[in-house]
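I have placed the structure first, in the form of structure tokens, so that the comments after it can refer back to it.
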């Protein structure tokens, strides 16, 4: 079972990393990170805070977009090209196929978020006083080595982006050691973003099991907006909106995942919040993400098992 799921997941990951839209979104994320450097240059003594906060927000934003796009199109592409028929004709359950597609999407999101975070950490290292040539040499050098490795080892060509992203994060973490609070903001936000996009990808997989790519994207984005507003919906003032809307908002806040959990205040990320531990908070957030993802995938598997492709 695990072998079959891993094959589907790796194949989904290989298809995703070749997608041009993913490359375009990654370029936009890097451009937004560069924009944060420009804004930070005008912030006087708060330049590193601007870079870390704005960069972390951009990683979350583009991670959500990638999760929606991949989740909405991955399954539909297989159905449109009819490649799903020979796959499901093999001794493979439909739920295994669906879980494999989801895990492949999450693996792609991990590489995307890690690469963006590594680039942001390199920018922070320059802000903290490191020589510019060190960050540039590390970033461009790793890219060149990756290209050469892909040329010499064509079978590993699609796996290299994942390894490169991990190496970039580790190198950026070490190089930005003179800005401990800001790198914790970047790494902590990235970890929570991975938990959040895991839920969003599961939502997209659930909707994709019975709807078109456009409706899947619309439904997923709608649930995401409600989830980011869950705390507000749960505390709507009765005197302003009325009892009916107040109760509706409270119900919505309970039936959708509370995604505000994955956007904590900065003091929690830097360890300055009294009585709170980032490790404990992240563990509980990851547990909630896993619970929602498993539940959504279970519901998607039930629907997908009864779906008629003809």
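Throughout, read-outs are computed from the coordinates displayed, never taken from laboratory work. Not measured: the values here are computed from a predicted model. Every residue, glycine as well, gets a Cβ built from its backbone with ideal geometry; the counts of neighbours run over all protein chains shown.
Run the numbers for residue 290 and residue 38: contour at 0.36 nm per residue of separation, minus the present Cα-Cα distance, in nm.
Once the chain is fully extended between residue 290 and residue 38, it gains 87.0 nm.
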> Anyone know which of 161, 267, 91 comes out most mobile in the 10 Å Cα GNM of the chain?
Replying inline: 91
>> So if each residue of separation counts as 0.36 nm, and I subtract the Cα-Cα distance between residue 143 and residue 23, what length gain in nm does that give?
In response: 41.8 nm
> Which of 201, 234, 119 moves most in a GNM of the chain, Cα contacts under 10 Å?
Replying inline: 234
>> Only Cα pairs within less than 10 Å get springs; with that Gaussian network setup on the chain, which residue of 160, 297, 121 has the largest fluctuation?
In response: 160
> Using a Förster distance of 41 Å, how high is the FRET efficiency between residue 232 and residue 10, based on the Cβ-Cβ distance and rounded to 0.05?
Replying inline: 0.55
>> Using a 7 Å offset from Cα along Cα-Cβ at residue 77, what residues in the stretch 98-142 end up with backbone N under 18 Å from the label point?
In response: 98-113
> For residue 247 and residue 166, what does the FRET efficiency come to when R0 = 45 Å and r is the distance between their Cβ atoms, rounded to the nearest 0.05?
Replying inline: 0.45
>> Could you give the length gained by full extension between residue 303 and residue 268, i.e. 0.36 nm per residue of separation minus their alpha carbon distance, to one decimal place?
In response: 8.7 nm
>> With just the Cα atoms defining each centre, how far is the stretch 1-59 from the stretch 204-271? Give it in Å.
In response: 23 Å
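From the helices alone, meaning DSSP H stretches of at least four residues, give me the mean residue ellipticity at 222 nm for the chain, per-run term -39500 (n - 2.57), in deg cm²/dmol to the nearest 500.
Roughly -27000 deg cm²/dmol at 222 nm, from the helical runs in the chain.
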>> List residues of the stretch 1-41, by number, whose backbone nitrogen lies under 17 Å from a label position 7 Å along Cα→C-beta of residue 178.
In response: 41
> The list [x] 33, 21, 18; [y] 33, 29, 15; [z] 30, 25, 19 gives values of semi-axes √(5λ) of the Cα gyration tensor in Å, and only one came from this structure; which label was calculated from it?
Replying inline: [y]
> Shape of the stretch 254-310 from its Cα gyration tensor (a ≥ b ≥ c, root eigenvalues): rounded if a/c is under 1.5, otherwise prolate when a/b > b/c, or oblate?
Replying inline: prolate
